[in-house]
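Trainee: Can you keep this structure in mind? I'll have questions shortly.
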Amino acid sequence: MTPTHIIEKKQAGKALSNKEIEYFIRGYVEGSIPDYQMSAWLMAVYFQGMNVDETVNLTRAMLESGDKVDFSGVPGKRVDKHSTGGVGDKLSLLAAPTAAACGGQIPMISGRGLGHTGGTLDKLESIPGFSVQMTCSQLRDAVLRIGAALAGQNSRLVPADMKIYALRDVTATVKSIPLITASIISKKAAEGIDALVLDVKSGGGAVFRRREKMEELARMLVEVGNDFGIETTALLTNMDQPLGYAVGNWLEVRECVDIMRSGEGAEDLLELNRALAGTMLKMSGITQSIAEGVRRAEQTLVNGDAYAKFREIVVNQGGDPEVIDHPENYPKAKFSQAITANDNGFIHSIKTREAGIISMMLGAGRMKKEDAIDYKAGIVLRRKKGDAVGKGELLAEIYSDSEDELLEAAKRFPEVFTISEAPTQPSPLIYKAIHRLGEESWEAFSRT
Ligand code: URA
(Lines give C-alpha, C1' and ligand atoms only; values in the text may rest on other atoms or scores of the structure.)
Protein backbone atom coordinates (compact mmCIF):
# COMPACT_ATOMS: atom_id res chain seq x y z
CA MET A 1 0.00 0.00 0.00
CA THR A 2 1.41 3.42 -0.92
CA PRO A 3 -0.19 6.87 -0.72
CA THR A 4 0.20 7.29 -4.50
CA HIS A 5 -1.62 4.04 -5.18
CA ILE A 6 -4.53 5.10 -2.92
CA ILE A 7 -4.75 8.53 -4.58
CA GLU A 8 -4.74 6.91 -8.05
CA LYS A 9 -7.42 4.42 -7.04
CA LYS A 10 -9.74 7.21 -5.87
CA GLN A 11 -8.89 9.30 -8.94
CA ALA A 12 -10.11 6.39 -11.06
CA GLY A 13 -13.42 6.42 -9.15
CA LYS A 14 -12.87 3.11 -7.35
CA ALA A 15 -14.06 2.44 -3.81
CA LEU A 16 -11.30 2.35 -1.15
CA SER A 17 -11.09 -0.44 1.42
CA ASN A 18 -11.25 0.22 5.15
CA LYS A 19 -7.52 -0.62 5.42
CA GLU A 20 -6.60 1.92 2.73
CA ILE A 21 -8.65 4.68 4.37
CA GLU A 22 -7.22 3.90 7.84
CA TYR A 23 -3.68 3.86 6.46
CA PHE A 24 -4.15 7.22 4.73
CA ILE A 25 -5.75 9.02 7.69
CA ARG A 26 -3.31 7.58 10.24
CA GLY A 27 -0.35 8.43 8.01
CA TYR A 28 -1.53 12.02 7.66
CA VAL A 29 -2.12 12.52 11.40
CA GLU A 30 1.27 10.95 12.25
CA GLY A 31 3.06 13.02 9.60
CA SER A 32 4.28 10.28 7.24
CA ILE A 33 1.81 11.47 4.57
CA PRO A 34 2.51 15.13 3.69
CA ASP A 35 -0.01 17.91 2.99
CA TYR A 36 0.51 17.68 -0.79
CA GLN A 37 -0.54 14.02 -0.90
CA MET A 38 -3.51 14.63 1.38
CA SER A 39 -4.51 17.59 -0.85
CA ALA A 40 -4.41 15.38 -3.94
CA TRP A 41 -6.48 12.71 -2.18
CA LEU A 42 -9.05 15.28 -0.98
CA MET A 43 -9.41 16.56 -4.53
CA ALA A 44 -9.90 13.00 -5.82
CA VAL A 45 -12.63 12.44 -3.17
CA TYR A 46 -14.14 15.80 -4.05
CA PHE A 47 -14.59 14.78 -7.68
CA GLN A 48 -15.24 11.04 -7.35
CA GLY A 49 -17.21 10.96 -4.08
CA MET A 50 -17.41 8.03 -1.69
CA ASN A 51 -20.09 5.43 -1.07
CA VAL A 52 -21.73 4.97 2.34
CA ASP A 53 -19.30 2.23 3.45
CA GLU A 54 -16.27 4.34 2.58
CA THR A 55 -17.80 7.34 4.36
CA VAL A 56 -18.46 5.24 7.48
CA ASN A 57 -14.86 3.98 7.39
CA LEU A 58 -13.50 7.49 6.90
CA THR A 59 -15.61 8.72 9.84
CA ARG A 60 -14.30 5.87 12.04
CA ALA A 61 -10.68 6.47 11.06
CA MET A 62 -11.06 10.15 11.93
CA LEU A 63 -12.84 9.43 15.22
CA GLU A 64 -10.10 7.01 16.26
CA SER A 65 -7.44 9.67 15.80
CA GLY A 66 -8.37 11.13 19.21
CA ASP A 67 -10.28 10.82 22.48
CA LYS A 68 -13.98 10.40 23.12
CA VAL A 69 -16.04 11.94 25.93
CA ASP A 70 -17.01 9.01 28.11
CA PHE A 71 -20.53 9.05 29.51
CA SER A 72 -20.72 5.31 30.11
CA GLY A 73 -22.72 4.41 33.21
CA VAL A 74 -24.39 7.84 33.35
CA PRO A 75 -28.20 7.52 33.25
CA GLY A 76 -30.17 9.24 30.49
CA LYS A 77 -29.23 10.02 26.90
CA ARG A 78 -26.88 12.66 25.61
CA VAL A 79 -28.25 14.67 22.66
CA ASP A 80 -26.94 17.43 20.41
CA LYS A 81 -28.07 19.60 17.53
CA HIS A 82 -25.91 20.63 14.60
CA SER A 83 -26.59 22.99 11.73
CA THR A 84 -24.92 22.89 8.34
CA GLY A 85 -24.58 26.65 8.75
CA GLY A 86 -26.09 29.81 7.44
CA VAL A 87 -26.51 33.53 7.86
CA GLY A 88 -27.89 34.75 11.20
CA ASP A 89 -28.13 31.12 12.34
CA LYS A 90 -28.02 31.50 16.11
CA LEU A 91 -30.15 28.47 16.95
CA SER A 92 -27.48 26.74 19.08
CA LEU A 93 -27.66 29.67 21.51
CA LEU A 94 -31.40 29.07 21.90
CA ALA A 95 -31.88 25.31 21.47
CA ALA A 96 -29.08 24.18 23.84
CA PRO A 97 -30.36 26.13 26.89
CA THR A 98 -33.99 25.37 26.00
CA ALA A 99 -33.39 21.61 25.88
CA ALA A 100 -31.03 21.67 28.89
CA ALA A 101 -33.61 23.58 30.95
CA CYS A 102 -36.00 20.65 30.31
CA GLY A 103 -33.46 18.12 31.60
CA GLY A 104 -31.50 17.50 28.36
CA GLN A 105 -27.77 16.64 28.51
CA ILE A 106 -25.99 18.48 25.70
CA PRO A 107 -22.22 18.26 25.10
CA MET A 108 -22.15 20.67 22.14
CA ILE A 109 -18.96 21.07 20.10
CA SER A 110 -19.37 23.98 17.69
CA GLY A 111 -17.33 25.72 15.03
CA ARG A 112 -16.15 29.17 14.00
CA GLY A 113 -17.48 31.34 11.22
CA LEU A 114 -15.76 31.41 7.87
CA GLY A 115 -16.72 33.25 4.70
CA HIS A 116 -20.37 34.28 4.58
CA THR A 117 -21.53 32.03 7.47
CA GLY A 118 -21.19 32.76 11.17
CA GLY A 119 -20.03 30.38 13.90
CA THR A 120 -21.39 29.71 17.38
CA LEU A 121 -17.96 29.98 19.04
CA ASP A 122 -17.37 33.52 17.76
CA LYS A 123 -20.83 34.55 18.91
CA LEU A 124 -20.23 33.19 22.42
CA GLU A 125 -16.80 34.80 22.62
CA SER A 126 -18.44 38.20 22.14
CA ILE A 127 -19.50 37.79 25.80
CA PRO A 128 -16.47 39.04 27.79
CA GLY A 129 -14.71 36.20 29.62
CA PHE A 130 -16.61 33.38 27.89
CA SER A 131 -14.23 30.51 27.21
CA VAL A 132 -14.96 27.89 24.57
CA GLN A 133 -11.84 25.89 25.43
CA MET A 134 -12.67 22.78 27.38
CA THR A 135 -10.99 19.45 27.85
CA CYS A 136 -13.10 16.31 27.38
CA SER A 137 -13.40 15.89 31.15
CA GLN A 138 -14.43 19.55 31.67
CA LEU A 139 -17.08 19.10 28.98
CA ARG A 140 -18.40 15.96 30.65
CA ASP A 141 -18.38 17.58 34.07
CA ALA A 142 -20.32 20.65 32.82
CA VAL A 143 -22.95 18.47 31.13
CA LEU A 144 -23.44 16.41 34.29
CA ARG A 145 -23.65 19.50 36.54
CA ILE A 146 -25.71 21.95 34.50
CA GLY A 147 -26.92 20.05 31.45
CA ALA A 148 -25.00 21.77 28.66
CA ALA A 149 -21.61 22.98 27.53
CA LEU A 150 -20.87 24.89 24.33
CA ALA A 151 -17.23 24.41 23.45
CA GLY A 152 -14.78 24.28 20.57
CA GLN A 153 -12.98 21.24 19.27
CA ASN A 154 -9.89 20.63 21.41
CA SER A 155 -6.59 19.15 20.19
CA ARG A 156 -7.53 15.66 21.50
CA LEU A 157 -10.99 15.60 19.99
CA VAL A 158 -10.77 14.31 16.40
CA PRO A 159 -7.32 15.79 15.62
CA ALA A 160 -7.61 14.25 12.14
CA ASP A 161 -10.57 16.53 11.40
CA MET A 162 -8.74 19.59 12.70
CA LYS A 163 -5.79 18.94 10.40
CA ILE A 164 -7.83 17.86 7.37
CA TYR A 165 -10.38 20.69 7.69
CA ALA A 166 -7.59 23.31 7.65
CA LEU A 167 -6.33 21.79 4.41
CA ARG A 168 -9.82 21.49 2.86
CA ASP A 169 -10.34 25.14 3.57
CA VAL A 170 -7.36 26.21 1.45
CA THR A 171 -7.73 23.58 -1.29
CA ALA A 172 -11.41 24.32 -2.07
CA THR A 173 -12.51 20.84 -1.01
CA VAL A 174 -14.96 21.78 1.74
CA LYS A 175 -18.08 21.20 -0.37
CA SER A 176 -17.93 17.43 -0.58
CA ILE A 177 -20.73 15.30 0.87
CA PRO A 178 -18.54 12.44 2.22
CA LEU A 179 -15.94 14.87 3.61
CA ILE A 180 -18.57 17.03 5.31
CA THR A 181 -20.31 13.92 6.68
CA ALA A 182 -17.13 12.38 8.11
CA SER A 183 -16.09 15.73 9.59
CA ILE A 184 -19.43 16.33 11.33
CA ILE A 185 -20.25 12.79 12.47
CA SER A 186 -16.73 12.03 13.76
CA LYS A 187 -16.95 15.08 16.05
CA LYS A 188 -20.48 14.22 17.16
CA ALA A 189 -19.48 10.61 17.88
CA ALA A 190 -16.51 11.92 19.91
CA GLU A 191 -18.92 13.93 22.08
CA GLY A 192 -20.32 10.59 23.29
CA ILE A 193 -23.89 11.43 22.29
CA ASP A 194 -26.78 9.01 21.82
CA ALA A 195 -28.97 11.19 19.61
CA LEU A 196 -28.45 14.00 17.10
CA VAL A 197 -30.81 16.47 15.45
CA LEU A 198 -29.41 18.01 12.30
CA ASP A 199 -30.61 21.27 10.81
CA VAL A 200 -29.74 20.86 7.13
CA LYS A 201 -30.29 24.09 5.24
CA SER A 202 -30.80 24.83 1.57
CA GLY A 203 -31.15 28.15 -0.26
CA GLY A 204 -29.05 31.24 -0.88
CA GLY A 205 -27.28 31.30 2.48
CA ALA A 206 -26.54 27.56 2.74
CA VAL A 207 -23.41 25.47 1.92
CA PHE A 208 -25.16 24.02 -1.13
CA ARG A 209 -27.86 26.19 -2.64
CA ARG A 210 -29.72 23.35 -4.36
CA ARG A 211 -32.29 21.48 -2.32
CA GLU A 212 -31.50 18.10 -3.96
CA LYS A 213 -27.85 18.40 -2.95
CA MET A 214 -28.77 19.26 0.63
CA GLU A 215 -31.16 16.31 0.76
CA GLU A 216 -28.35 14.08 -0.48
CA LEU A 217 -26.12 15.42 2.32
CA ALA A 218 -28.91 14.95 4.88
CA ARG A 219 -29.44 11.30 3.84
CA MET A 220 -25.72 10.57 4.10
CA LEU A 221 -25.48 12.25 7.53
CA VAL A 222 -28.51 10.31 8.80
CA GLU A 223 -27.22 7.01 7.46
CA VAL A 224 -23.67 7.41 8.79
CA GLY A 225 -24.86 8.85 12.15
CA ASN A 226 -27.22 5.91 12.70
CA ASP A 227 -24.48 3.51 11.65
CA PHE A 228 -22.41 4.87 14.56
CA GLY A 229 -25.25 4.09 16.97
CA ILE A 230 -26.30 7.74 17.23
CA GLU A 231 -30.02 8.06 16.56
CA THR A 232 -29.87 10.77 13.90
CA THR A 233 -32.71 12.85 12.45
CA ALA A 234 -32.32 15.68 9.96
CA LEU A 235 -34.77 18.54 9.62
CA LEU A 236 -34.56 20.14 6.19
CA THR A 237 -34.98 23.87 6.46
CA ASN A 238 -35.00 26.91 4.23
CA MET A 239 -32.22 29.48 4.29
CA ASP A 240 -33.67 31.89 1.76
CA GLN A 241 -33.34 34.80 4.17
CA PRO A 242 -31.18 35.38 7.26
CA LEU A 243 -32.61 33.73 10.38
CA GLY A 244 -34.08 36.28 12.76
CA TYR A 245 -33.12 39.94 12.41
CA ALA A 246 -29.48 40.12 13.52
CA VAL A 247 -26.37 39.06 11.57
CA GLY A 248 -23.09 39.54 13.47
CA ASN A 249 -21.72 38.08 16.67
CA TRP A 250 -22.78 40.24 19.61
CA LEU A 251 -25.86 41.44 17.69
CA GLU A 252 -26.99 37.78 17.46
CA VAL A 253 -26.27 37.04 21.12
CA ARG A 254 -28.30 40.09 22.03
CA GLU A 255 -31.19 38.95 19.82
CA CYS A 256 -31.18 35.56 21.59
CA VAL A 257 -30.95 37.13 25.04
CA ASP A 258 -33.90 39.41 24.22
CA ILE A 259 -35.92 36.41 23.01
CA MET A 260 -35.12 34.27 26.05
CA ARG A 261 -35.91 37.12 28.43
CA SER A 262 -39.18 38.17 26.80
CA GLY A 263 -40.35 34.96 25.12
CA GLU A 264 -40.90 37.03 21.97
CA GLY A 265 -38.96 37.68 18.80
CA ALA A 266 -38.59 36.77 15.14
CA GLU A 267 -41.11 34.05 14.29
CA ASP A 268 -38.60 31.98 12.26
CA LEU A 269 -36.26 31.73 15.27
CA LEU A 270 -39.09 30.81 17.61
CA GLU A 271 -40.42 28.17 15.21
CA LEU A 272 -37.05 26.57 14.56
CA ASN A 273 -36.16 26.58 18.24
CA ARG A 274 -39.42 24.78 19.10
CA ALA A 275 -38.76 22.24 16.35
CA LEU A 276 -35.08 21.57 17.15
CA ALA A 277 -35.34 21.61 20.95
CA GLY A 278 -38.64 19.68 20.78
CA THR A 279 -37.06 16.97 18.61
CA MET A 280 -34.03 16.84 20.96
CA LEU A 281 -36.35 16.29 23.93
CA LYS A 282 -38.18 13.42 22.23
CA MET A 283 -34.96 11.81 21.03
CA SER A 284 -33.42 11.97 24.48
CA GLY A 285 -36.50 10.28 25.93
CA ILE A 286 -37.56 13.29 28.04
CA THR A 287 -40.89 13.58 26.22
CA GLN A 288 -43.00 10.82 24.74
CA SER A 289 -43.60 12.59 21.42
CA ILE A 290 -42.21 15.32 19.21
CA ALA A 291 -45.47 17.25 19.69
CA GLU A 292 -44.99 17.19 23.48
CA GLY A 293 -41.32 18.17 23.04
CA VAL A 294 -42.35 21.15 20.93
CA ARG A 295 -44.85 22.26 23.61
CA ARG A 296 -42.26 21.88 26.39
CA ALA A 297 -39.70 23.83 24.39
CA GLU A 298 -42.15 26.67 23.86
CA GLN A 299 -43.15 26.86 27.55
CA THR A 300 -39.50 26.79 28.62
CA LEU A 301 -38.63 29.72 26.40
CA VAL A 302 -41.65 31.76 27.42
CA ASN A 303 -41.40 31.18 31.19
CA GLY A 304 -37.76 32.31 31.42
CA ASP A 305 -36.24 28.89 32.24
CA ALA A 306 -34.24 28.85 28.99
CA TYR A 307 -32.72 32.22 29.90
CA ALA A 308 -31.87 31.07 33.42
CA LYS A 309 -30.11 28.03 31.90
CA PHE A 310 -28.27 30.18 29.35
CA ARG A 311 -27.06 32.40 32.20
CA GLU A 312 -25.83 29.31 34.06
CA ILE A 313 -23.91 28.16 30.97
CA VAL A 314 -22.36 31.63 30.57
CA VAL A 315 -21.27 31.74 34.23
CA ASN A 316 -19.92 28.17 34.10
CA GLN A 317 -17.74 29.05 31.11
CA GLY A 318 -16.36 32.24 32.65
CA GLY A 319 -18.62 34.73 30.86
CA ASP A 320 -19.74 37.95 32.54
CA PRO A 321 -23.48 37.57 33.35
CA GLU A 322 -23.85 41.36 33.81
CA VAL A 323 -23.31 41.73 30.07
CA ILE A 324 -26.27 39.56 29.18
CA ASP A 325 -28.43 40.88 32.01
CA HIS A 326 -27.78 44.44 30.75
CA PRO A 327 -27.13 44.08 27.02
CA GLU A 328 -27.92 47.77 26.54
CA ASN A 329 -24.52 48.60 28.14
CA TYR A 330 -22.45 46.66 25.57
CA PRO A 331 -20.07 48.93 23.60
CA LYS A 332 -21.51 50.19 20.33
CA ALA A 333 -19.81 50.15 16.93
CA LYS A 334 -18.18 53.49 16.07
CA PHE A 335 -20.24 53.93 12.91
CA SER A 336 -23.74 52.98 11.89
CA GLN A 337 -26.01 53.71 8.98
CA ALA A 338 -29.68 53.23 8.18
CA ILE A 339 -30.51 51.53 4.88
CA THR A 340 -33.82 52.67 3.46
CA ALA A 341 -36.15 51.43 0.70
CA ASN A 342 -36.03 52.98 -2.78
CA ASP A 343 -39.59 51.90 -3.52
CA ASN A 344 -42.99 51.14 -2.05
CA GLY A 345 -44.03 47.49 -1.96
CA PHE A 346 -43.34 44.17 -0.29
CA ILE A 347 -40.04 42.39 0.38
CA HIS A 348 -39.96 39.76 -2.36
CA SER A 349 -36.54 38.28 -1.65
CA ILE A 350 -33.37 38.81 0.39
CA LYS A 351 -30.00 37.82 -1.07
CA THR A 352 -28.85 35.87 1.94
CA ARG A 353 -25.31 35.02 0.87
CA GLU A 354 -24.73 38.68 -0.07
CA ALA A 355 -26.02 39.76 3.37
CA GLY A 356 -23.51 37.33 4.96
CA ILE A 357 -20.67 38.71 2.81
CA ILE A 358 -21.59 42.30 3.68
CA SER A 359 -21.66 41.41 7.37
CA MET A 360 -18.18 39.91 6.99
CA MET A 361 -16.96 43.09 5.24
CA LEU A 362 -18.31 45.16 8.12
CA GLY A 363 -15.97 43.20 10.42
CA ALA A 364 -18.29 40.45 11.74
CA GLY A 365 -16.63 37.57 9.86
CA ARG A 366 -13.33 36.40 8.48
CA MET A 367 -12.05 35.74 4.97
CA LYS A 368 -9.10 33.78 6.34
CA LYS A 369 -8.94 31.78 9.56
CA GLU A 370 -6.39 34.18 11.09
CA ASP A 371 -8.53 37.33 10.58
CA ALA A 372 -9.69 39.17 13.70
CA ILE A 373 -13.39 39.72 14.35
CA ASP A 374 -15.19 42.84 15.48
CA TYR A 375 -17.97 41.50 17.71
CA LYS A 376 -20.05 44.68 17.47
CA ALA A 377 -20.16 44.73 13.67
CA GLY A 378 -22.98 43.45 11.52
CA ILE A 379 -26.51 44.01 10.34
CA VAL A 380 -29.90 44.32 11.99
CA LEU A 381 -32.67 43.74 9.48
CA ARG A 382 -35.83 45.75 10.01
CA ARG A 383 -37.83 43.98 7.31
CA LYS A 384 -38.11 40.29 6.40
CA LYS A 385 -39.61 38.49 3.40
CA GLY A 386 -43.26 39.36 2.79
CA ASP A 387 -43.18 42.56 4.92
CA ALA A 388 -44.64 45.76 3.51
CA VAL A 389 -42.29 48.74 3.15
CA GLY A 390 -42.76 52.33 2.04
CA LYS A 391 -40.22 54.37 0.07
CA GLY A 392 -37.70 55.90 2.49
CA GLU A 393 -38.60 53.48 5.31
CA LEU A 394 -36.02 51.41 7.15
CA LEU A 395 -34.85 48.12 5.62
CA ALA A 396 -31.87 47.54 7.90
CA GLU A 397 -29.17 49.13 10.02
CA ILE A 398 -25.50 48.34 9.57
CA TYR A 399 -22.71 48.67 12.13
CA SER A 400 -18.91 48.81 11.87
CA ASP A 401 -15.80 50.31 13.45
CA SER A 402 -14.50 51.03 9.95
CA GLU A 403 -16.06 54.00 8.20
CA ASP A 404 -14.71 52.91 4.79
CA GLU A 405 -16.24 49.44 5.10
CA LEU A 406 -19.50 50.92 6.32
CA LEU A 407 -19.74 53.23 3.29
CA GLU A 408 -18.90 50.38 0.91
CA ALA A 409 -21.50 48.13 2.59
CA ALA A 410 -24.10 50.89 2.44
CA LYS A 411 -23.56 51.10 -1.35
CA ARG A 412 -24.04 47.35 -1.79
CA PHE A 413 -26.79 46.80 0.72
CA PRO A 414 -29.89 48.05 -1.18
CA GLU A 415 -29.19 45.27 -3.76
CA VAL A 416 -29.76 42.68 -1.04
CA PHE A 417 -33.50 43.38 -1.01
CA THR A 418 -35.89 42.93 -3.95
CA ILE A 419 -39.13 44.83 -3.50
CA SER A 420 -42.22 43.78 -5.48
CA GLU A 421 -45.59 45.42 -5.95
CA ALA A 422 -47.57 42.37 -4.84
CA PRO A 423 -47.10 40.50 -1.55
CA THR A 424 -45.22 37.20 -1.81
CA GLN A 425 -46.05 33.99 -0.03
CA PRO A 426 -43.11 33.11 2.27
CA SER A 427 -41.85 29.53 1.74
CA PRO A 428 -42.22 27.07 4.65
CA LEU A 429 -39.28 27.21 7.06
CA ILE A 430 -39.12 23.47 7.82
CA TYR A 431 -40.23 21.21 5.05
CA LYS A 432 -39.08 17.69 5.74
CA ALA A 433 -37.69 15.26 8.32
CA ILE A 434 -35.31 12.48 7.31
CA HIS A 435 -34.74 9.79 9.95
CA ARG A 436 -33.74 6.17 10.44
CA LEU A 437 -37.12 4.90 9.28
CA GLY A 438 -37.69 7.14 6.27
CA GLU A 439 -38.75 10.61 5.22
CA GLU A 440 -41.87 12.61 5.93
CA SER A 441 -43.11 16.18 5.94
CA TRP A 442 -42.33 18.20 9.08
CA GLU A 443 -46.07 18.58 9.56
CA ALA A 444 -46.52 14.81 9.77
CA PHE A 445 -43.34 14.24 11.81
CA SER A 446 -44.19 16.96 14.34
CA ARG A 447 -47.46 15.16 15.14
CA THR A 448 -45.67 11.92 16.07
N1 URA B 1 -18.88 21.64 9.44
C2 URA B 1 -17.95 20.72 9.81
O3 URA B 1 -17.75 20.48 10.99
N4 URA B 1 -17.27 20.10 8.85
C5 URA B 1 -17.47 20.32 7.53
O6 URA B 1 -16.84 19.70 6.72
C7 URA B 1 -18.43 21.27 7.16
C8 URA B 1 -19.14 21.92 8.15
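The values are calculated or read from the model by the stated rules, or taken from the named source; none is laboratory data. The structure presented is a predicted model; accordingly, all values stated were derived computationally and were not measured. So basically every Cβ, Gly included, is an ideal-geometry build from the backbone, and we count neighbours across all protein chains shown. Ligands, DNA and RNA are excluded from the accessible area calculation, which covers all protein heavy atoms including side chains. Shrake-Rupley method; radii C 1.70, N 1.55, O 1.52, S 1.80 Å.
Trainee: Apply the Karplus curve 6.51 cos²θ - 1.76 cosθ + 1.60, θ = phi - 60°, to the phi angles in the stretch 109-125 and return the couplings in whole Hz, x for Gly and Pro.
Mentor: Working through the residues one at a time gives 9, 10, x, 9, x, 8, x, 7, 9, x, x, 4, 5, 5, 5, 5, 5 Hz.
Trainee: Under a straight-distance cross-link criterion of Cα-Cα below 24 Å, which lysines are reachable from K391, leaving out those fewer than 8 residues away in the same chain?
Mentor: Within reach: K351, K411.
Trainee: Contact order normalised by length for the stretch 3-49, with contacts defined as Cα pairs under 8 Å and 6 or more residues apart; what percent is it?
Mentor: About 53 percent, as a whole number.
Trainee: Normalising by the residue count of the chain, find the relative contact order in percent from Cα pairs under 8 Å and 6+ residues apart. It would help to have the intermediate numbers written out before the result.
Mentor: Values: 982 pairs, mean separation 83.7, N = 448.
For the chain, the relative contact order is 19 percent.
Trainee: Enter the angle in degrees (range 0 to 90, nearest 10) between the Cα long axis of helix 52-63 and the first principal axis of the Cα atoms of the chain, meaning the one along which they spread out most.
Mentor: Long axis of 52-63 versus the principal axis of the chain: about 90 degrees.
Trainee: Rounded, prolate or oblate: pick one for the stretch 135-255, where a ≥ b ≥ c are the square roots of the eigenvalues of its C-alpha gyration tensor, a/c under 1.5 means rounded, and failing that, prolate if a/b is larger than b/c, else oblate.
Mentor: Rounded.
Trainee: Enter the Cα centre distance for the pair the stretch 386-433 and the stretch 216-252, rounded to the nearest angstrom.
Mentor: Cα centroid to Cα centroid, the span is 24 Å.
Trainee: Let me ask you something else. Say R0 is 51 Å: what FRET efficiency, to the nearest 0.05, do A444 and K411 get from their beta-carbon distance? Walk me through the intermediate numbers first.
Mentor: Working: r = 46 Å, r/R0 = 0.90.
For R0 = 51 Å, the calculated efficiency reads 0.65.
Trainee: Take every DSSP beta bridge with both residues inside the chain and express the antiparallel ones as a percent of the total, to the nearest 5.
Mentor: Working: 26 of 45 bridges.
Given both bridge residues lie in the chain, the antiparallel proportion sits at roughly 60 percent.
Trainee: Can I ask one more? To the nearest 0.05, what FRET efficiency results for Q337 and K175 with a Förster distance of 25 Å applied to their C-beta separation?
Mentor: On the way: r = 34 Å, r/R0 = 1.34.
The pair Q337/K175 has a calculated efficiency of 0.15.
Trainee: What is the helix-to-structure angle for 18-30, meaning the angle in degrees between its Cα long axis and the longest Cα principal axis of the chain, kept from 0 to 90 and rounded to the nearest 10?
Mentor: Compared with the principal axis, the helix lies near 70 degrees.
Trainee: Within the stretch 240-290, list the GluC sites (Glu not before Pro) lying in a DSSP loop whose Cβ has at most 14 other Cβ atoms in a 10 Å radius. List each step's numbers first, then the result.
Mentor: Working: sites: E252, E255, E264, E267, E271; in loops: E264.
Hits after loop and neighbour filter: E264.
Trainee: If packing is taken as the average count of other Cβ atoms within 10 Å, what order do 209-220, 56-67 fall into, highest mean first?
Mentor: Working: 209-220: 18.1, 56-67: 22.2.
Averaged packing, sorted descending, gives the order 56-67, 209-220.
Trainee: Please check: in the Gaussian network model of the chain (C-alpha springs, under 10 Å), which one of V222, V158, V69 has the largest mean-square fluctuation.
Mentor: Highest fluctuation of the listed residues: V69.
Trainee: Have a look at P327, P426, P97 and tell me which one the Gaussian network model of the chain (Cα, springs below 10 Å) gives the largest fluctuation.
Mentor: Checking each option, the largest mean-square fluctuation is seen for P426.
Trainee: Along the principal axes of its C-alpha atoms, what lengths does the stretch 3-49 span, in descending order and rounded to whole Å?
Mentor: Principal-axis extents of the Cα atoms in the stretch 3-49, largest first: 26, 21, 15 Å.
Trainee: A follow-up question, please. If packing is taken as the average number of other Cβ atoms within 10 Å across a peptide's residues, how do 338-344, 362-368 rank, most packed first?
Mentor: Values: 338-344: 15.0, 362-368: 21.4.
Final packing ranking: 362-368, 338-344.
Trainee: Would you compute, from DSSP H runs of 4+ residues alone, the mean residue ellipticity of the chain at 222 nm, taking -39500 (n - 2.57) per run and dividing by the full residue count, rounded to the nearest 500? Write out the running numbers ahead of the final one.
Mentor: Numbers: 18 runs with 202 residues, N = 448.
Rounded to the nearest 500, the figure is -13500 deg cm²/dmol.
Trainee: Could you go through the stretch 79-84 in sequence order and give the Karplus-derived ³J(HN,Hα) for each residue, using 6.51 cos²θ - 1.76 cosθ + 1.60 with θ = phi - 60°, rounded to whole Hz, and x for Gly and Pro?
Mentor: Computed from phi, the couplings for the stretch 79-84 are 9, 9, 10, 9, 10, 6 Hz.
Trainee: Please compute the per residue accessible area over the stretch 1-150 with all protein chains in place, 1.4 Å probe, rounded to a whole number of Å². Don't skip to the answer; put the middle values down first.
Mentor: Numbers: 5790 Å² over 150 residues.
I get 39 Å² per residue for this part.
Trainee: Charges only on Cβ, +1 for Lys and Arg, -1 for Asp and Glu: so what's the dipole of the chain about the Cα centre, in debye to the nearest 20?
Mentor: Numbers: 53 positive and 60 negative charges, 135 e Å.
Here the chain has a charge dipole of around 640 debye.
Trainee: Another question, if that's okay. With +1 on the Cβ of every Lys and Arg and -1 on the Cβ of every Asp and Glu, and nothing else charged, how large is the dipole of the stretch 242-284 about its Cα centre, in debye rounded to the nearest 20?
Mentor: 220 debye
Trainee: Report the charge-dipole magnitude of the stretch 294-375 in Debye, nearest 20, computed about the Cα centre from +1 at each Lys and Arg Cβ and -1 at each Asp and Glu Cβ. All intermediate terms of the calculation are to be shown ahead of the outcome.
Mentor: Values: 11 positive and 12 negative charges, 69 e Å.
Dipole of the stretch 294-375, to the nearest 20 debye: 340 debye.
Trainee: Return the lysines within reach of K368: Cα separation strictly under 18 angstrom, same-chain partners fewer than 8 residues apart disregarded; answer none if there are no such residues.
Mentor: Correct list for K368: K123, K163, K175.
Trainee: Then there's this: Calculate the length of the line joining the C-alpha centroid of the stretch 60-102 to that of the stretch 301-327, in whole Å.
Mentor: Their Cα centres are 19 Å away from one another.
Trainee: Now for a different question. For D371 and E212, what does the FRET efficiency come to when R0 = 41 Å and r is the distance between their Cβ atoms, rounded to the nearest 0.05? Spell out each step's value before the answer.
Mentor: On the way: r = 33 Å, r/R0 = 0.81.
The calculated FRET efficiency here is 0.80.
Trainee: Run through every distinct alpha carbon pair of the chain and return the Kirkwood hydrodynamic radius in angstroms, one decimal place.
Mentor: Working: mean 1/r = 0.0448 Å⁻¹.
Result for the chain, one decimal place: 22.3 Å.
Trainee: Could you work out which residue, out of V174, V197, V253, moves most in a Gaussian network model of the chain, that is, has the largest mean-square fluctuation with Cα springs under 10 Å?
Mentor: Checking each option, the largest mean-square fluctuation is seen for V174.
Trainee: For helix 267-283, report the angle its Cα long axis makes with the longest principal axis of the Cα atoms of the chain; keep it between 0 and 90° and round to the nearest 10°.
Mentor: Taking the Cα atoms of the chain, the angle to 267-283 is about 30 degrees.
Trainee: Compute the orientation-averaged projected area for the stretch 332-420 from the convex hull of its Cα atoms and round it to one decimal in nm². Could the numbers behind the result be given before it?
Mentor: Numbers: hull surface 21.5 nm².
Taking a quarter of the hull surface, the average projection is 5.4 nm².
Trainee: Here is a follow-up. How about the stretch 71-178: which trypsin sites (Lys or Arg not before Pro) there are in a DSSP loop, with at most 14 other Cβ atoms within 10 Å of their Cβ?
Mentor: Working: sites: K77, R78, K81, K90, R112, K123, R140, R145, R156, K163, R168, K175; in loops: K77, K90, R112, R156, K175.
Sites meeting the loop and neighbour criteria: R156, K175.
Trainee: What ³J(HN,Hα) values, in whole Hz, does the Karplus curve 6.51 cos²θ - 1.76 cosθ + 1.60 give for the stretch 234-243 when θ = phi - 60°, with x put for Gly and Pro?
Mentor: So the Karplus estimates, Gly and Pro as x, are 10, 9, 9, 10, 8, 10, 9, 7, x, 7 Hz.
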